[in-house]
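Every number here is computed from the coordinates shown, using simple stated rules; none is lab data. None of these values were measured; they are calculated from a predicted model. Here Cβ is always computed from backbone atoms with ideal geometry, including for glycine, and neighbour counts include all displayed protein chains.
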Amino acid sequence: MNLKRIFQGVCLSFIFLLFSGCALYGVNAFFSGLTQGINAGGALSADISGAQNNAGSEPENNLQNSESKPPEINAEAAISVKSNFSGEQKIIFEKNADKELPIASLTKLMTAVVVLENYDLLKKITISENADSQELMETDLKIGDTFPTIDILYIMLIQSSNKAAYALTEQMGEEKFTALMNQKALEIGLENTFFEDATGLSPKNISTAKDLAKLAGYILKNHFEIAEITRTKFFPLSNLGEIKNTNELLDEIPNIVGGKTGFTRMAKGCMLLITDDLASDGYFIHIILGADDRFLETKKLIDFADPVRSLR
């Protein structure tokens, strides 16, 4: 009997210890799991918070500010400038932008400025023998041709006619006219620019890409009609027929605001082109000096400065 009770007691003790151990293990496991859950929750919260912060600081996909490989410009000098409507300019690309170089018929942009600020545009001008002796274009003025000053201005800017440019200077005298050109250059702040004549034939007509960008800015702000004239593809004249613009890019580049071509043997190919800024209000001013292919080099500047346009 005593032996039976002892055996029962041992069994009960064993069962009690077994249940106690299981219970203790369960509590520890519970708290361990709870701790891991809390830690995991904290980590998840941190991950979510970090993701939110990263999302907030992610840079905008702004093509205008993206880094692009600068173009390889095969010209003596070049510049691309972003200009707002107030005239403030920011250089986007430049190559030898302060180098003084002959500018050929880009000279005629300043010729146009002097005409607009000093002439009666309705006054008629007759082409003289001296004007007729200037370098001949495919379809050009002849001795005795008479046109209003505004038409002569169109012929000069669209066809790059040297006869037209010379005829305009004759109205006040070549020396006085070029003096006004140089005076205006100083007023605008063209520190490295000098004009020997109004046509651009003289190699002494020099400027820099940076100065020409300033001249373009002055034209946009004060004489926008020059830009409008220079983007005219064709201009009909009674006795000359239809004259065509020398700027081939008018058929290739959309939203051209204005521009001017230039070429002499010494200056080589020159180009000033103004395009609309498609991403924001304002313009791009592109200038090429001393190029074998002025149109190709200008298109390189456009693609680099205005990637929005190149994706169209």
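Listed by Cβ neighbour count within 10 Å, with the fewest neighbours leading, Met156, Met181, Met266, Met172 appear as Met266, Met172, Met181, Met156. Taking amide H as placed 1.01 Å from N in the peptide plane, the amide H of Gly258 sits under 5 Å from that of Ile274, each at least 5 places away or on another chain. Within the range 148-213, the trypsin sites (Lys or Arg not before Pro) that combine a DSSP coil assignment with at most 14 other C-beta atoms in a 10 angstrom radius are Lys204. Of Ser83, Ser238, Ser207, the sequence from fewest to most neighbouring Cβ atoms within 10 angstrom is Ser238, Ser83, Ser207.
Exceedance of the 25 Å cut-off in Cα-Cα distance is limited, within the set Lys108/Lys210; Lys210/Lys244; Lys69/Lys244; Lys124/Lys214; Lys99/Lys268, to Lys210/Lys244; Lys69/Lys244; Lys124/Lys214. In sequence order, the range 282-292 has phi-based couplings of x, 9, 10, 10, 10, 9, 10, 10, x, 10, 6 Hz under the Karplus curve 6.51 cos²θ - 1.76 cosθ + 1.60, θ = phi - 60°, and Gly or Pro positions carry x. Counted by Cβ distance under 12 Å from Lys210, the other residues give a net charge of -2, where Lys and Arg count +1 and Asp and Glu count -1.
Note on Leu109, Leu212: ascending count of other Cβ atoms within 10 Å places them as Leu109, Leu212, the fewest first.
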